[in-house]
Amino acid sequence: MKETILLLLITTALNAQIAVENTIIKEKIDNYLSQGVAKGFSGSVLVARQGEIILHKGYGMADKENKIPYKITTVSTIGSVTKQFTATAILKLEELNQLKVTDSISKFFDTLPDDKKDITIHQLLTHTSGLTDGIGNGDFDDIPTKRFFKTLFATKLLHQPGSKYFYSNAGYSVLARIIEVVSGNDYEVFLMAHLFIPARMNHTGYLIPNWEKEDIANGYARNLIHMGTLIERYQKQNKVTWNLKGNGGIHSTTGDMYKWYRALKANTILSQAMFKKLTTSYVLEYEGGSSYYAYGWAIYHSDRNTKIISHNGGNGVFFHDYLYLLEEDVVIILFTNASSREVEVAWPIEKMIFNESYKPEPIKNNLFNLTFDFIKSHNIKQSDELISVIKSDYTKILRSPNQLNGLGYRILKNEIIEVKDNVKWAIELFKLNTERFPENGNLWDSLGEAYTKNNQSKEAIKSYKRAIELADKEDCDWCESSRKALKKLQYKN
């Protein structure tokens, strides 16, 4: 009896300690995200620890035009996290003895080219098939089924199947088609019957769920440009195109994705052995990196050397992140409808949970917002201040020359908002971009175009000459226009 009472007291004390810890963690995360709303964060976040939801809350606006706040029931796309549903469906079919991951795709597709016949399901699942990333003109290019796969299989392999990793959305479209061929059902119908309904996920899918319009998040490119919803595109076409099916575009809520975590954890969908197969590290993702690809999941290790099962998905407007820390039984689920590097906050949240002393950098305004806000309230003589802020606060996220180039062109063409001295502001951004990426000829071409518009012929000629010098090192579609612009300037001057 004394031992029982002692054990009860210890358990009660531990539970009380965990409750206090969870309250502290909740307050830290909530303050971090709430403060970020003023800097452009909007979305919903769920954090659970050992089966208990610590935080589940919406932030900012799901629909700015109609002033509808983001709620925990707001529906948004999970992007490429769709792939782990596809992978789970494949393993469900294996569990039902209807296929094996070692099967070659020639078992499911007729008249394959010889170099594609021996590609296996395992290679598709691990992005080692050698297939290209995609075909056609974007996610909504409505290519009929037979033509889509005939065209895809006619493309040249990027490498020998099984020899290396290359992320292929099209590979997961092939898996979705295999699910249809084997099961005799539409891909979404199969997922609904074998994954979503058993997991009690009533708000997940492409077209089957009967969502209310006001429950669906609108997207905002750069947190500025209203892009509407993907569901509107699906409904207009009354289908999901093969460029998305199986690899992206499924919609869900934080609540439903939490139900998915619970279903995986409880082996409701897959047996324990199949779940292990789903989340085994098979192939190193990137040379010099530390992450591995499993089946539709990426596998990381925390700084405590514990396993993290994760994937994210986005299209430049919407973003979703899913972190499942298996050994510590923690799940972090993030949706946002205003994607940028600054609001990808799931990983800072992970650090906040396990490191009491960790203080994340405040969520920053995305670069587009920062720039437009600055130039609305400053004159061109203060451009040095803007460039200084970008250099000091945004250098780490400016990994691609396209970011500043795209921003510069928005200003050059006076898109989004009317900008006084727009050409001069664009010149300053283009100049910064050529400093950061001096060997990129396209950036010098952009700078030459802006100088020309500002009647700075001498500077424009220098920029175009540099662009053409670098053109020989690039496969470019701007080279000819750059040469013509230079010739025209030299003739005038």
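Annotations
- Principal-axis analysis of the Cα atoms of the chain puts helix 383-393 at an angle of about 30° to the longest axis.
- Placing +1 on the Cβ of every Lys and Arg and -1 on the Cβ of every Asp and Glu, with no other charges, gives the stretch 280-347 a dipole of roughly 100 debye about its Cα centre.
- Computed over the stretch 118-243, relative contact order equals 30 percent, with contacts defined as Cα pairs under 8 Å that lie 6+ residues apart.
- Ordering M352, Y70, V47 by Cα displacement along the dipole of the chain toward the positive end leaves Y70 in first place; charges were set at the Cβ atoms of Lys, Arg (+1) and Asp, Glu (-1).
- Heavy-atom SASA rank of E428, E180, E480 (probe 1.4 Å, accessible area, largest first): E480, E428, E180
- Only one of (i) 180; (ii) 158; (iii) 148 was calculated from the structure for volume of the Cα convex hull per residue in Å³, and its label is (i).
- Using alpha-carbon coordinates, inclination of helix 367-377 to the longest axis of the chain, degrees: 50 degrees
- Of L386, Y167, I299, farthest towards positive along the dipole that unit charges on Lys, Arg, Asp, Glu beta carbons give the chain: L386
- Kirkwood-based shape ratio for the stretch 346-485, expressed as Rg/Rh from alpha carbons: 1.07
- Where a label projected 7 Å from the Cα of Y286 along Cα→Cβ would reach, residues of the stretch 123-139 with amide N under 20 Å: 126-134
- Alpha-carbon Rg with Dmax, taken over the stretch 26-104, Å: 18.6, 53
- Cα-based shape type of the stretch 240-301, given that a ≥ b ≥ c are square roots of the gyration tensor eigenvalues and the cut on a/c is 1.5: oblate
- Nearest-ten-degree value, helix 145-154 long axis tilted from longest Cα axis of the chain: 70 degrees
- Convex hull volume of the C-alpha atoms in the stretch 10-141, normalised per residue: 218 Å³.
- For the stretch 47-77 versus the stretch 100-145, the gap between their alpha-carbon centres in whole angstrom: 36 Å
- Remark: the chain carries 48 Å² of accessible area per residue (probe radius 1.4 Å; ligands, DNA and RNA excluded).
- Charged side chains reduced to their Cβ positions (Lys and Arg at +1, Asp and Glu at -1) give the chain a dipole of some 840 debye around its Cα centre.
- Distance from the C-alpha centroid of the stretch 278-338 to that of the stretch 354-379: 25 Å, rounded to the whole angstrom.
- Cα-only radius of gyration and Dmax that characterise the stretch 154-307, units Å: 17.7, 48
- Carbon and sulfur %, accessible surface of the stretch 351-402 computed with the full protein complex present, 1.4 Å: 48 percent
- Percent breakdown of C-alpha pair distances by 10 Å bin, ordered from the shortest bin, for the stretch 290-372: 16, 44, 32, 8, 0
- The apolar share of the surface of the stretch 242-308, taken as the fraction of accessible area on carbon and sulfur atoms (1.4 Å probe, ligands and nucleic acids excluded), comes to 48 percent.
- Considering only Q98, N185, S271, and ranking their Cα positions along the charge dipole of the chain that arises from unit charges at the beta-carbon of Lys, Arg, Asp and Glu, the one farthest toward the positive end is N185.
The values are calculated or read from the model by the stated rules, or taken from the named source; none is laboratory data. This is a predicted model, so every value here is computed, not measured. Please note: Cβ atoms are built from the backbone with ideal geometry, for glycine as well, and neighbour counts cover all protein chains shown. These accessible areas exclude ligands, DNA and RNA; they are computed on the full protein's heavy atoms, side chains included. Shrake-Rupley method; radii C 1.70, N 1.55, O 1.52, S 1.80 Å.
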